[in-house]
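**Q** Quick one: the structure is below, questions incoming.
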Amino acid sequence: MAAPALSNGSYRVVVGDTTFDLTVHNGTLRLGDAAADVRLEPVSGQQYVLLVGPKVHRLVVEGRDGGALTLWIDGQRVEASVKDERTLLMERFGMQAGGGGASKEVKAPMPGLVLAVHVAAGDAVEAGQRLLVLEAMKMENELKAAQAGTVAKILVAPGEAVGKGTLLVTFS
């Protein structure tokens, strides 16, 4: 397993009962508004040395499932999750990925123009499969399936303008 690298961007991290915002920019790490002196050095396989200021911790990454991590920090098991900006935006617009109880609907996260529809009613789709492309603010946004399923209806067509919250695709 490669080192758990975070590219430049913003993240929401949950460790146990604690939630914090993390920003990475050119190797500089910020927790909230404060710069953090944190480094992660690979040792071997799934083992790392976590340096937090002057403190040194032994870190073992036991498993990865999407943004979920099972960590052993100095011998103590800790459940953590990391969500990037895109995942947080999708959640904010009610388009959560994975997990039971995920919506059987895909709604427009913002007003825009449907550029392409990549599935048809009756198609079986996998989680993460591209459903359609929505242009908003001169940017193309791919909307993907949050979970595996079968497309029940496509309610829009290429060239159609949609508003925020417009129902685009339903699953059976």
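The values are calculated or read from the model by the stated rules, or taken from the named source; none is laboratory data. Here the structure is a predicted model, which means the values were calculated and not measured. Here Cβ is always computed from backbone atoms with ideal geometry, including for glycine, and neighbour counts include all displayed protein chains.
**Q** Restricting attention to strands (runs of 3 or more DSSP E) lying wholly within segment 29-95, give those where 2 or more residues are at pLDDT 80 or above.
**A** On the way: elements: 34-36, 38-44, 47-52, 55-65, 68-73, 76-84.
Fully inside segment 29-95 and qualifying: 38-44, 47-52, 55-65, 68-73, 76-84.
**Q** Then there's this: Only one of (1) under 30 Å from Tyr48 (Cβ atoms); (2) of a type outside the set (Ser, Thr, Tyr); (3) at pLDDT 85 or above; (4) in a loop (DSSP other than H, G, I, E, B) is not met by Gly98, so which one is it?
**A** (3)
**Q** Let me ask something else. Among the candidates Arg30, Arg58, Arg12, which residue alone is under 22 Å from Asp74 (Cα atoms) and charged (D, E, K, R)?
**A** The unique qualifying residue is Arg58.
**Q** Moving to a separate point now. Hey, could you check segment 15-27 for residues that are under 19 Å from Gln76 (Cα atoms) and modelled with pLDDT of 75 or more and say which is surrounded by the most Cβ atoms within 10 Å (Cβ to Cβ)?
**A** If we take residues in segment 15-27 being under 19 Å from Gln76 (Cα atoms) and modelled with pLDDT of 75 or more, then Val15 is surrounded by the most Cβ atoms within 10 Å (Cβ to Cβ).
**Q** Looking at segment 124-133, can you tell me whether even one residue there is part of a strand (DSSP E or B) and either at pLDDT below 90 or among the hydroxyl-bearing types (Ser, Thr, Tyr) (or both)?
**A** no
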